[in-house]
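Chemist: Attaching a single structure in structure tokens format; questions to follow.
Quick note: the coordinates plus some simple rules give every number you see, no bench work behind them. Bear in mind that the values here come from a model prediction, so they are computed numbers and not experimental data. Cβ coordinates were reconstructed from backbone atoms using ideal geometry, including for glycine residues, and neighbour counts include every protein chain displayed.
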Amino acid sequence: MRLGRALACAASLCVASCGVPLMKLPAGPGTPVADGSALLEQATAACRRVSTLSAEVGVSGSVGGHRVRGRLLIGLAEPASLYVEAPAPFGAPAFIIGASNGDATLLLPRDRRVLEHGKPEELLDAIAGVPLDPAALKSTLTGCDRDTGAPADVRAFGDGWRIVGGDRLRYLRRERPSAPWQLVSVVIGGNGGWRADYLDFVDGLPRLVRLVSSEARRFDLRLALSQVDLNVELEPSTFRVSVPPGTALITLDELRATGPLSR
């Protein structure tokens, strides 16, 4: 019954997209099986070996009902370090976020405004509507799974699909019986629910990630990863933001009121 209710929530996310159709996921009761833990471990073996990630991420889609297109420079390191820069074709970046151990700084160079000592997940939520801390963002970009508990329910849909229940729904897929299992979609239900789809795998890691919120118009984003470097040492200074003298402070409430989600 719990998996059935979760699948109903997943179905609502399937129609939340504003553009390109989402991946078609299996529906129905399926067949109970007991191989979920082993298959999930196999499907996430590559991403669990990632300790640091740096990449250029092409972004397209919409945030707050407004279309967005651009690119981000992203650096991530365990346990909780983050750097995100939105460079512009000309001039200063649109924004820079640096975070370490739960302490984040957001710099808006063009406006000469800065938010200091914020929570990284709150800053990403205000900028893009996606409330992810550094660890969750790394898991999301690498197609990994952060639910460490034993799967509550596992259902088979033929030889090519498994749905693994728990605090979220994990969809595992293999193209043929001899192929490895891949985590191709994660659906997080409840208030503020959203879905992540994973495509274009290279060495077990996705190069295209689709993020769609269950709340209409909040976000529908396609993230295309390129120039990916894994497990390369990133200096602590990578995650610090240099604030120019004379930069004025901005509060989180002001950021939310003036950001893309306020319109």
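Chemist: Report relative contact order for the chain in percent, whole number only (criteria: Cα-Cα under 8 Å, sequence separation at least 6).
Modeler: Details: 566 pairs, mean separation 67.2, N = 263.
Normalised by residue count, the contact order of the chain is 26 percent.
Chemist: Once you've got the GNM for the chain with C-alpha springs shorter than 10 Å, pick whichever of Glu41, Glu116, Glu175 has the biggest mean-square fluctuation.
Modeler: Glu175
Chemist: If you add up the charges near Thr251, with Lys and Arg at +1 and Asp and Glu at -1, over every other residue whose beta carbon is less than 14 angstrom from its beta carbon, what do you get?
Modeler: Working: positive: Arg113, Lys119, Arg256; negative: Asp111, Glu116, Glu122, Asp253, Glu254.
Charge balance near Thr251 sits at -2.
Chemist: Something else now. What label, among [x] 14.8; [y] 14.0; [z] 12.3, belongs to mean projected area of the Cα convex hull in nm² computed from the structure on display?
Modeler: [y]
Chemist: How large is ³J(HN,Hα), in whole Hz, for each residue of the stretch 199-213 in order, when computed from phi with the Karplus curve 6.51 cos²θ - 1.76 cosθ + 1.60 and θ = phi - 60°, using x for Gly and Pro?
Modeler: Along the stretch 199-213, the couplings run 9, 6, 6, 10, 6, x, 10, x, 10, 9, 10, 10, 10, 9, 8 Hz.
Chemist: Pairing the Cα long axis of helix 2-14 with the longest principal axis of the chain, what angle in degrees results, from 0 to 90 and rounded to the nearest 10?
Modeler: For helix 2-14, the angle is close to 50 degrees.
Chemist: Separation of the stretch 75-142 and the stretch 197-230 by C-alpha centroid, Å?
Modeler: First find each Cα centre; the distance between them is then 17 Å.
Chemist: Next question. Hey, what number do you get for the chain at 222 nm if only DSSP H runs of n ≥ 4 count, each worth -39500 (n - 2.57), divided across all residues, to the nearest 500?
Modeler: -5000 deg cm²/dmol
Chemist: Which shape class, rounded, prolate or oblate, goes with the stretch 160-244 when its Cα gyration tensor gives a ≥ b ≥ c as root eigenvalues, a/c under 1.5 marks rounded, and past that a/b bigger than b/c marks prolate?
Modeler: Oblate, because a/c is 1.5 or more while a/b does not exceed b/c.
Chemist: Can you tell me which of Asp167, Asp253, Asp153 moves the most in a GNM of the chain? Springs connect C-alpha atoms under 10 Å apart.
Modeler: Looking only at Asp167, Asp253, Asp153, the biggest GNM fluctuation is shown by Asp253.
Chemist: Provide the packing ranking of 240-247, 83-90, i.e. peptides ordered by the mean count of other C-beta atoms within 10 Å per residue, highest first. Before the final figure, lay out each step's value.
Modeler: Details: 240-247: 11.2, 83-90: 15.4.
Result, highest mean Cβ count within 10 Å first: 83-90, 240-247.
Chemist: What ranking of Ile127, Ile97, Ile163 emerges when the number of other C-beta atoms within 10 Å of each C-beta is taken as an exposure proxy, fewest first?
Modeler: Working: Ile127 21, Ile97 24, Ile163 27.
Fewest to most other Cβ atoms nearby, the residues stand as Ile127, Ile97, Ile163.
Chemist: Tell me, what HN-Hα J-couplings in whole Hz come from the Karplus equation 6.51 cos²θ - 1.76 cosθ + 1.60 at θ = phi - 60° for each residue of the stretch 167-184, using x for Gly and Pro?
Modeler: Result, ordered by residue: 7, 7, 9, 10, 9, 9, 9, 9, 6, 8, x, 8, 7, x, 6, 10, 7, 9 Hz.
Chemist: Amide H to amide H under 5 Å from Ser51: which residues, 5+ apart in sequence or cross-chain, H placed 1.01 Å off N in plane?
Modeler: Those qualifying (amide H under 5 Å, at least 5 residues apart or on another chain) are Asn231.
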